[in-house]
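Have a look at the structure below before the remarks.
The values are calculated or read from the model by the stated rules, or taken from the named source; none is laboratory data. Source: prediction; values computed, not measured. Positions of Cβ are backbone-derived with ideal geometry, glycine not excepted, and every protein chain shown enters the neighbour counts. The accessibility values were calculated without ligands, DNA or RNA, using every heavy atom of the protein model including side chains. Shrake-Rupley method; radii C 1.70, N 1.55, O 1.52, S 1.80 Å.
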Amino acid sequence: MSISQQARSIVGSISSMIDPHLPLEIQHDIKLLWHPENLRAVLHGRPFDARPITMELDPTLDCNYACAFCTYGAWEKRTQTLAGLRYMGREEMEIILHRVAEGGVKGLIFTGGGEPFQNPHTPFGLEMAMHLGIQTGIFTNGSLLAPDMTDRVLAAAPQFLRISANAVTPPIYTRLHGLKDERIAQAVWENIRSTASR
């Protein structure tokens with residue numbers, strides 16, 4: 001099958017998924033069509049001309065939780081002597097953000113092998129990304145979102161702020177996240193309520 005036949009086949013498959021009665025922006029199963037320059041590069045046999053759309057940035061590998069389901073948990077235990085040192089410095093973050101912007105990346109998710117707000121430079125990173133025209137999102141456990149921090153984070157206008165609240169009651173939350181004190185869970189639940197009301 002030639003490249004042009006493959007291209008027609010791909011376009012035909014994608015076209016069959018489009019609902020013409022809905023705006024393209026809400027049809028998430030066809031996100032590929034939101035970036036025609038990348039699709040064009042691939043269909044014309046130049047896949048390395050396609051630019052990344054979204055990237056993830058792990059500001060730290062430290063976490064204040066010990067979740068039973070964490071994929072980084074075993075690694076974190078093996079490197080316990082580095083606790084407090086496993087985070088990206090402000091200067092490194094600035095260099096990375098500039099390179100990401102130069103590369104044409106449109107979105108950056110602050111996430112991690114740890115809790116992103118364990119790194120004191122994460123709010124700066126969010127602010128800088130906004131200044132560089134990069135949309136952001138954040139995955140956090142929410143435990144460090146004190147009012148001043150929350151105001152600063154929200155002022156950086158992230159597209160989303162996902163707080164992982166993987167339980168319906170503070171006691172279950174405490175056990176699931178490996179916490180020693182249920183008061184932490186109570187504080188997180190208050191942070192979630194406070195952040196949601198802003």
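Summary table below
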read-out: Qualifying residue in region 106-126 (condition: in the same structural domain as residue 155 (by the TED database), open to solvent by less than 60 Å² (accessible area, probe 1.4 Å) and more than 28 Å from residue 146 (Cβ to Cβ)); value: no
read-out: All helices (runs of 4 or more DSSP H) inside region 26-124 with 3 or more residues being in contact (Cβ under 8 Å) with a residue 24 or more places away in the chain and out of contact with any Ser or Thr (no Cβ under 9 Å at 6 or more places or on another chain); value: 90-102
read-out: Conditions (1) within 14 Å of the chain's Cα centre (by Cα); (2) surrounded by 20 or more Cβ atoms within 10 Å (Cβ to Cβ): number failed by residue 159; value: (2)
read-out: Residue within region 15-23 that is in a helix (DSSP H, G or I) and either open to solvent by 80 Å² or more (accessible area, probe 1.4 Å) or under 16 Å from residue 128 (Cβ atoms) (or both) present; value: no
